[in-house]
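Below is one structure, written out as structure tokens, with a few remarks after it.
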Amino acid sequence: MSLLRAIVVDENGSQVGEATDLPGKVILDNGDRRLFMLQFVDPYGDTIFNQLQIPAVLNDLEFLKRCVGAPEWKQIIERLEALCGLCLEKPHSYLKFIGD
């Protein structure tokens, strides 16, 4: 199983705020191709979303939250939503997923 780390980075690539670690299957193995942005997360490389893409990422996370049953996965999704919020608050910041 792949592991991912999600962080917010600034324009220089420096981490802003806390990281969130998650099993890749939380967002990658749901079997639903209705995810607009998260389907492009690379489980073995880095994936970066800019501030214009964050609303679509938030839509994907809201969809996932309705689909997952495990409470711990919902908590992970809520932490990812918080990272998206941080990204939207800080100009020139990006949501970055770091794969295995």
| remark: Of those in region 1-22 that are under 16 Å from Y44 (Cβ atoms) and in contact with a Phe, Trp or Tyr (Cβ under 8 Å, 6 or more places away or on another chain), the residue modelled with the lowest pLDDT is S2
| query | For region 81-95, how many residues meet the condition of being closer than 13 Å to L22 by Cβ and touching an Asp or Glu at 6+ places or on another chain (Cβ under 6 Å)? | reply | 0
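In region 38-55, how many residues are crowded, with 19+ Cβ neighbours inside 10 Å and touching an Asp or Glu at 6+ places or on another chain (Cβ under 9 Å)? Before the answer, list the steps.
If we filter region 38-55 for residues that are crowded, with 19+ Cβ neighbours inside 10 Å, which is where we start, we get 38, 41, 49, 54.
If we keep only those that are touching an Asp or Glu at 6+ places or on another chain (Cβ under 9 Å) too, we end up with 38.
Residues flagged as crowded, with 19+ Cβ neighbours inside 10 Å and touching an Asp or Glu at 6+ places or on another chain (Cβ under 9 Å) within region 38-55 amount to 1.
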| task | Can you work out which of the residues in region 62-79 that are out of contact with any strand residue (DSSP E or B) (no Cβ under 6 Å at 6 or more places or on another chain) and closer than 13 Å to A6 by Cα is surrounded by the fewest Cβ atoms within 10 Å (Cβ to Cβ)? | result | E78
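Given the criteria in a strand (DSSP E or B), among the basic types (K, R) and under 20 Å from L3 (Cβ atoms), does K96 qualify?
Values: in a strand (DSSP E or B): yes; among the basic types (K, R): yes; under 20 Å from L3 (Cβ atoms): yes.
Here the answer is yes, as K96 does meet what is asked.
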| task | Looking only at region 36-45, decide whether some residue is among the acidic types (D, E), touching a residue at least 12 places away in the same chain (Cβ under 8 Å) and within 18 Å of A82 (Cβ to Cβ). | result | no
| Answer from L58, L83, L88 - the residue that is of a type outside the set (F, W, Y), in contact with a Gly (Cβ under 9 Å, 6 or more places away or on another chain), in a helix (DSSP H, G or I) and surrounded by fewer than 19 Cβ atoms within 10 Å (Cβ to Cβ) | L58
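The values are calculated or read from the model by the stated rules, or taken from the named source; none is laboratory data. Nothing here was measured: the structure is a model prediction, and the numbers come from that model. Backbone-built Cβ (ideal geometry, glycine too); neighbour counts: all protein chains shown.
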